[in-house]
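The next block holds one structure in the form of structure tokens; read it before the comments.
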Amino acid sequence: MKHLTQSIFLIGGMGAGKTTIGRKLAELLNYEFYDSDREIEHVTGVDIPWIFEIEGEAGFRRREHLMVKELSAKQNIILATGGGTILDPRNRELLSNNGVVIYLKTTVDHQLDRLSRDKRRPLLQVENRHEVLSDIMANREALYSEIADYTIETGAKPIANVVNDVMAAVFHS
């Protein structure tokens, strides 16, 4: 296997598997793993829903940009980004310029299945999650595709298969 000399940034919607896949990739490559949302929580000492409640989405997005700026400057890491990270053009530029961007693409139905018991995501604390996820994907799909070096369909694939697909894209393309 050739040695990768840059970081891998995972983008995609909620429930696409960014954190799970990211951890496995980091383990395989002996890279440090970061989840931008968890890093924000660590630095602030509060959870994401609290930040949304107190500062609103705009406040959270400001914090998210600062975290992406810090983390994307690191070498040889795996970064799982929040689903909305790509909304900020500065984040898209940072990710594009500092590593390999992998779009983990999934369907709204798979998102609903994976997020069915999740109570931590502020944007999903609504009655009609399908409608919200569909709207979010409609607004973000082009942005994910715009900066992705590779798009990997996650669907109902086992984690190991998705990890293998990412490794094949990055190392054999």
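The values are calculated or read from the model by the stated rules, or taken from the named source; none is laboratory data. Model, not experiment: these values are computed from the prediction. Here Cβ is always computed from backbone atoms with ideal geometry, including for glycine, and neighbour counts include all displayed protein chains.
Quick look at the values:
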| read-out | value |
| --- | --- |
| Which listed residue is out of contact with any Ser or Thr (no Cβ under 9 Å at 6 or more places or on another chain), of a type in the set (S, T, N, Q) and within 17 Å of residue 100 (Cβ to Cβ), from 30, 76 | 30 |
| Some residue of region 136-143 being modelled with pLDDT of 90 or more, touching a Ser or Thr at 6+ places or on another chain (Cβ under 8 Å), within 17 Å of residue 80 (Cβ to Cβ) and surrounded by 17 or more Cβ atoms within 10 Å (Cβ to Cβ) | no |
| Conditions (1) over 13 Å from the mean Cα position of the chain (by Cα); (2) farther than 23 Å from residue 138 by Cα: number failed by residue 21 | (1) |
| Residues of region 144-159 satisfying the condition of being touching a residue at least 12 places away in the same chain (Cβ under 8 Å), of a type outside the set (Asp, Glu) and either exposed (fewer than 14 other Cβ atoms within 10 Å of the Cβ) or touching a helix residue (DSSP H, G or I) at 6+ places or on another chain (Cβ under 8 Å) (or both) | 144, 145, 147, 150, 151, 152, 154, 155, 156, 159 |
| Residue under evaluation residue 111, criteria (1) closer than 27 Å to residue 94 by Cβ; (2) assigned to a helix (DSSP H, G or I); (3) modelled with pLDDT of 75 or more, criterion not met | (3) |
| Residues that are under 15 Å from residue 6 (Cα atoms) and either touching a helix residue (DSSP H, G or I) at 6+ places or on another chain (Cβ under 6 Å) or in a helix (DSSP H, G or I) (or both), drawn from region 87-101 | 94, 95, 96, 97, 98, 100, 101 |
| 2 or more residues touching a residue at least 60 places away in the same chain (Cβ under 8 Å), surrounded by 15 or more Cβ atoms within 10 Å (Cβ to Cβ) and not small (Gly, Ala, Ser): qualifying helices (runs of 4 or more DSSP H) within region 10-84 | 18-29, 48-72 |
